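Input: a single structure, listed below in structure tokens.
The values are calculated or read from the model by the stated rules, or taken from the named source; none is laboratory data. Small disclaimer: the values here were computed from a predicted structure and weren't measured. Cβ atoms come from the backbone with ideal geometry, glycine included; neighbour counts cover every protein chain shown. What goes into the accessible areas is simple: the full protein's heavy atoms, side chains included, and nothing from ligands, DNA or RNA. Shrake-Rupley method; radii C 1.70, N 1.55, O 1.52, S 1.80 Å.
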Amino acid sequence: MFSGVSGFINRSQKLKGTVVLMRKNVLDVNKAAGVTSDVTSGDVIRGVGGILGGGIDLVTTVAGTTIDNLTSFLGRNVGLQLISATATDSSGKGKVGKETFLEGIILSLPTLGAGQSAFDIHFEWDSNFGIPEAFYIKNYMQVEFFLVSLTLEDVPNHGTIRFVCNSWVNNFTSYEKNRIFFVNKTYLPSETPAPLVKYREEELNTLRGNGTGERKEWERIYDYDVYNDLGKPDSGDKYARPILGGSSTHPYPRRVRTGRRPTRKDPKSESPGDSYIPRDENFGHLKSSDFLIYTLKSLSQAVLPALQSVIFGEFGSFDEVRGLQEGGIKLPTDVLSAISPLPALKETFRTDGEQVLKFPPPHVINVSKSAWMTDEEFAREMIAGVNPCVIRLLQEFPVQSKLDATIYGDQTSKITKEQLEINLDGKTVEEALSFQRLFILDYNDAFIPYLRKINEIAKAYATRTILFLKDDGTLKPIAIELSLPHRNGDQFGAESKVILPATEGAESTIWLLAKAHVIVNDSCYHQLMSHWLNTHAVIEPFAIATNRNLSVLHPIYKLLYPHYRDTININGLARQSLINADGIIEQSFLPGPYSIEMSSAVYKNWVFTDQALPADLIKRGLAIKDPSSPHGLQLLIKDYPYATDGLEIWDAINTWVREYISLYYPTDEAIRKDAELQAWWKEAVEKGHEDLKDKPWWPKVQTVEELIQSTSIIIWTASALHAAVNFGQYPYGGYILNRPTLSRRLIPEQGTPEYDEMVKSPQTAYLRTITPKYQTIVDLSVIEILSRHASDEVYLGQNNDPNWTSDSKALQAFQKFGKKLVEIEEKINARNSDPSLRNRTGPVHLPYTLLLPTSKEGLTFRGIPNSISI
């Protein structure tokens with residue numbers, strides 16, 4: 001492609017360039033407790049002095065526009081050297097040009113983003129150098145800065161050359177190798193211009209590191225480790241946690257290695273502390289999503305402990321629960337003063353000028369305060385709620401267990417045909433099975449192995465719920481089985497009771513309590529498995545492998561990188577504050593100290609290829625292959641909002657990926673010959689998911705189809721699947737009565753004081769069974785933040801940099817993908833307006849919008865971000 005280029009410059013001349021960067025603010029949210037809303041050009045960022053014991057002095061600085069601050073980049077403080085892609089030095093590497101420094105500040109540039117500043121630079125260049133497609137940069141200052149881009153203008157016979165950088169640049173002495181950046185072109189390894197080959201290889205070696213030592217804050221090294229940093233054994237045995245990963249007992253996906261020192265009591269466990277994040281995964285003050293992330297950190301470390309001293313006991317009534325949003329909880333002045341200065345927390349804790357703690361109203365009770373209690377809504381949320389990917393077709397009766405009978409005895413369901421046929425609208429169980437009208441939400445096998453230990457600190461059941469598909473397309477629950485480990489030992493199986501629907505008297509309260517126990521199971525499974533394990537945890541190894549093995553020049557790197565944005569960052573925070581010993585999850589969800597250990601047990605049965613939505617639906621028996629149906633699948637529940645909308649999104653992703661990959665890989669042989677690609681997949685499987693590496697279901701990625709399928713699954717998981725299980729958390733769970741996270745009482749037995757209390761006051765019985773007041777505050781505080789979109793969120797079908805590639809055909813395919821998503825959004829809105837589709841809105845009149853691709857900032861109950869950003 002460089003024919004005719006040699007000698008295109010006849011004399012020495014200057015190449016004009018524009019460097020765009022962002023200065024590091026004096027207040028970085030990594031160090032501070034909070035910051036104001038979005039940083040925009042000319043905005044003032046105010047640090048909060050002394051909040052939560054942070055000891056940070058109040059500082060005020062104007063971001064990106066104060067000339068005095070920007071002049072520090074001039075002189076000889078930032079140097080760049082262009083690297084040729086056509087001319088080599090004596091070692092065969094591309095020639096390196098003379099070091100050139102930033103010149104004048106460009107005060108007006110239409111394309112500048114918020115907080116960005118632009119500088120002129122002029123490079124010396126002559127005909128012997130050829131075309132520059134890489135450059136070195138050195139920061140001679142002590143303060144790092146964020147390099148956005150370099151644009152070279154009017155390169156003779158070549159026009160504009162763009163370098164998309166988006167990287168922190170520290171003082172040059174921090175690096176063993178010079179910081180290098182490449183042009184925004186796309187090259188397979190075999191097509192890389194020869195002068196750039198060694199530079200490409202060296203940069204990947206830098207990102208891999210050597211696997212030793214403790215990682216430093218400024219480093220950009222991606223390496224693997226097990227989850228050995230969740231416990232705090234030095235603080236006592238109660239805070240010790242098993243190491244997840246590296247064993248058949250506790251298999252787990254890998255995380256980014258930090259290399260912190262071992263604990264004293266357990267040399268295999270890492271000491272807790274700030275978790276290393278590769279520097280370019282952590283944007284500091286530059287992104288508003290970081291404000292949400294570090295709000296979580298402040299919440300866990302200071303705010304919630306302050307609230308614990310003043311919020312305790314029980315809710316007295318359902319009205320008092322609603323009062324969290326309607327009237328709030330009165331707080332002492334000292335506690336309120338710890339919360340009110342934090343701008344991000346102002347969105348979570350609304351004080352409205354009064355001395356109260358107040359949450360936003362959850363969507364589920366916006367129209368009706370009681371519709372959540374109906375059987376129809378209880379069932380509808382299994383297919384249109386925040387955890388719609390667990391329900392499955394009932395294909396055998398009685399219901400069987402997959403647990404080892406030699407350890408857990410006979411776990412076969414005790415539900416009888418006679419009990420079911422009471423509510424089968426005149427059908428027999430055999431008829432309902434043959435017509436594929438029975439479904440099950442089954443948490444028996446997930447909870448039974450841990451239930452004896454859980455019930456030492458709580459009171460819970462392992463549940464099974466049988467549902468019947470009615471003629472109108474809605475589901476109704478017809479039996480709930482509540483099981484406990486046998487009192488004489490696990491080997492004797494389970495002790496179970498079956499609760500049937502009732503609408504009057506004590507039986508109706510027992511039915512409501514049984515549904516609450518099901519939802520507690522579902523809430524915990526959702527948070528630990530559907531949400532954390534199946535999106536956050538399983539994606540991180542792919543993000544690590546991508547950065548270690550695929551050059552920024554690689555087409556698959558460009559395809560996948562947008563879908564990893566913030567994931568390593570939020571996962572690192574989760575290990576510090578959410579899923580760690582005595583963290584927020586352990587405090588507010590049923591399994592307590594066994595929470596993440598339970599997700600390890602579920603990971604044993606995780607299958608990568610089943611994460612594709614069509615495969616998932618088929619596996620759960622909710623769809624059958626049918627070439628004549630939309631997307632090649634016939635849904636057994638026709639009005640299944642998650643599946644209906646999800647299949648449209650899946651097909652759009654798969655089509656975009658197919659069109660993009662076909663631009664670079666015309667044959668299977670091209671896949672097999674791509675050394676970087678093969679190293680990437682091998683490492684993602686054998687190191688990233690090492691404990692499952694020998695499973696036969698892993699694609700080999702030896703064909704174009706396997707690459708399309710594998711990358712589609714990664715993109716689907718990081719975008720649409722995460723959106724479906726994340727952004728509905730507060731809209732549904734912000735009303736704790738609808739989605740309790742803890743259970744503290746078993747179903748009352750007749751003749752006991754608890755039963756008499758239940759008869760006298762059903763509300764009291766319900767409230768004393770589910771999540772108490774303080775744990776409710778913990779849960780609501782966290783899920784309200786997790787359910788928010790940042791103002792700078794980048795959604796599916798969008799890219800935060802229009803110059804992410806120079807390939808016009810790739811840009812055209814991406815534009816087509818974006819247009820398809822706009823069409824899908826219109827179709828989803830139309831379905832939500834169709835009164836015949838009752839599951840779209842349900843008794844609570846809450847349309848299913850979680851898979852609408854776009855959203856505004858905030859708590860919107862819609863929007864599919866490109867990546868797992870919160």
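Listed here are the residues, each with its yes/no results for (1) under 22 Å from ILE585 (Cβ atoms); (2) in contact with an Asp or Glu (Cβ under 9 Å, 6 or more places away or on another chain); (3) assigned to a helix (DSSP H, G or I).
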residue	(1), (2), (3)
TYR735	yes, no, no
THR764	no, yes, yes
ARG768	no, yes, yes
TYR774	yes, no, yes
ILE785	yes, yes, yes
TRP804	no, no, no
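Could you tell me whether any residue of the stretch 337-359 is in a strand (DSSP E or B), at pLDDT 95 or above and open to solvent by less than 30 Å² (accessible area, probe 1.4 Å)? If you could, list the steps in order and put the result at the bottom.
Going residue by residue through the stretch 337-359, those that are in a strand (DSSP E or B) are 350, 356-358.
From the residues that got through so far, the ones that are at pLDDT 95 or above too are none.
Scanning the stretch 337-359 turns up no residue that is in a strand (DSSP E or B), at pLDDT 95 or above and open to solvent by less than 30 Å² (accessible area, probe 1.4 Å).
Among GLU669, GLU676, GLU705, GLU683, which is the only one that is closer than 30 Å to GLU201 by Cα and in contact with a strand residue (DSSP E or B) (Cβ under 9 Å, 6 or more places away or on another chain)? Step through it out loud before you land on a result.
Values: GLU669 fails: in contact with a strand residue (DSSP E or B) (Cβ under 9 Å, 6 or more places away or on another chain); GLU676 fails: in contact with a strand residue (DSSP E or B) (Cβ under 9 Å, 6 or more places away or on another chain); GLU705 fails: in contact with a strand residue (DSSP E or B) (Cβ under 9 Å, 6 or more places away or on another chain).
Matching residue, one of GLU669, GLU676, GLU705, GLU683: GLU683.
From the list TYR755, TYR735, pick out the single residue that is more than 30 Å from GLU659 (Cα to Cα), open to solvent by less than 10 Å² (accessible area, probe 1.4 Å), touching a residue at least 24 places away in the same chain (Cβ under 8 Å) and of a type in the set (Phe, Trp, Tyr). Break it down stepwise before answering.
On the way: TYR755 fails: open to solvent by less than 10 Å² (accessible area, probe 1.4 Å).
Going through TYR755, TYR735 in turn, just one is more than 30 Å from GLU659 (Cα to Cα), open to solvent by less than 10 Å² (accessible area, probe 1.4 Å), touching a residue at least 24 places away in the same chain (Cβ under 8 Å) and of a type in the set (Phe, Trp, Tyr): TYR735.
Hey, among the residues in the stretch 682-698 that are hydrophobic (A, V, I, L, M, F, W, C) and over 16 Å from GLU540 (Cβ atoms), which one's surrounded by the fewest Cβ atoms within 10 Å (Cβ to Cβ)? Before the answer, list the steps.
Of all residues in the stretch 682-698, those hydrophobic (A, V, I, L, M, F, W, C) come to 684-685, 692, 697-698.
Still in the running and over 16 Å from GLU540 (Cβ atoms): 697-698.
Numbers: TRP697: 9, TRP698: 19.
Residue satisfying both the conditions and the ranking: TRP697.
Counting just the residues of the stretch 674-700 that are in a helix (DSSP H, G or I) and among the acidic types (Asp, Glu), which one comes out nearest to SER600 (Cα to Cα)?
Within the stretch 674-700, the subset in a helix (DSSP H, G or I) is 675-688, 690-692.
Adding the requirement that they be among the acidic types (Asp, Glu) leaves 676, 683, 686, 690-691.
Numbers: GLU676: 30, GLU683: 21, GLU686: 18, GLU690: 13, ASP691: 11 Å.
In this case the residue turns out to be ASP691.
Return only the number of the condition from (1) at pLDDT 85 or above; (2) surrounded by fewer than 22 Cβ atoms within 10 Å (Cβ to Cβ); (3) not acidic (Asp, Glu) that LEU324 does not satisfy.
For LEU324, the failing item is (2).
When you check TYR665 against the structure, is it open to solvent by less than 10 Å² (accessible area, probe 1.4 Å), among the aromatic types (Phe, Trp, Tyr) and assigned to a loop (DSSP other than H, G, I, E, B), yes or no? Steps first, answer last, please.
On the way: open to solvent by less than 10 Å² (accessible area, probe 1.4 Å): yes; among the aromatic types (Phe, Trp, Tyr): yes; assigned to a loop (DSSP other than H, G, I, E, B): yes.
Yes, satisfied.
So the check is Cβ under 6 Å with 6+ separation or different chains; which pairs have a first residue in the stretch 187-208 that's at negative phi and a second one that's part of a helix (DSSP H, G or I) and of a type in the set (A, V, I, L, M)?
PRO189/ALA675
For the stretch 563-599: of the residues being of a type in the set (Asp, Glu) and either at pLDDT 95 or above or surrounded by fewer than 23 Cβ atoms within 10 Å (Cβ to Cβ) (or both), which is nearest to SER248 (Cα to Cα)? Break it down into steps so the answer makes sense when it comes.
Quick first cut of the stretch 563-599, residues of a type in the set (Asp, Glu) only: 566, 582, 586, 597.
Subsequent filtering for residues that are either at pLDDT 95 or above or surrounded by fewer than 23 Cβ atoms within 10 Å (Cβ to Cβ) (or both) retains 582, 586, 597.
Numbers: ASP582: 25, GLU586: 24, GLU597: 13 Å.
Filtering first and then ranking leaves GLU597.
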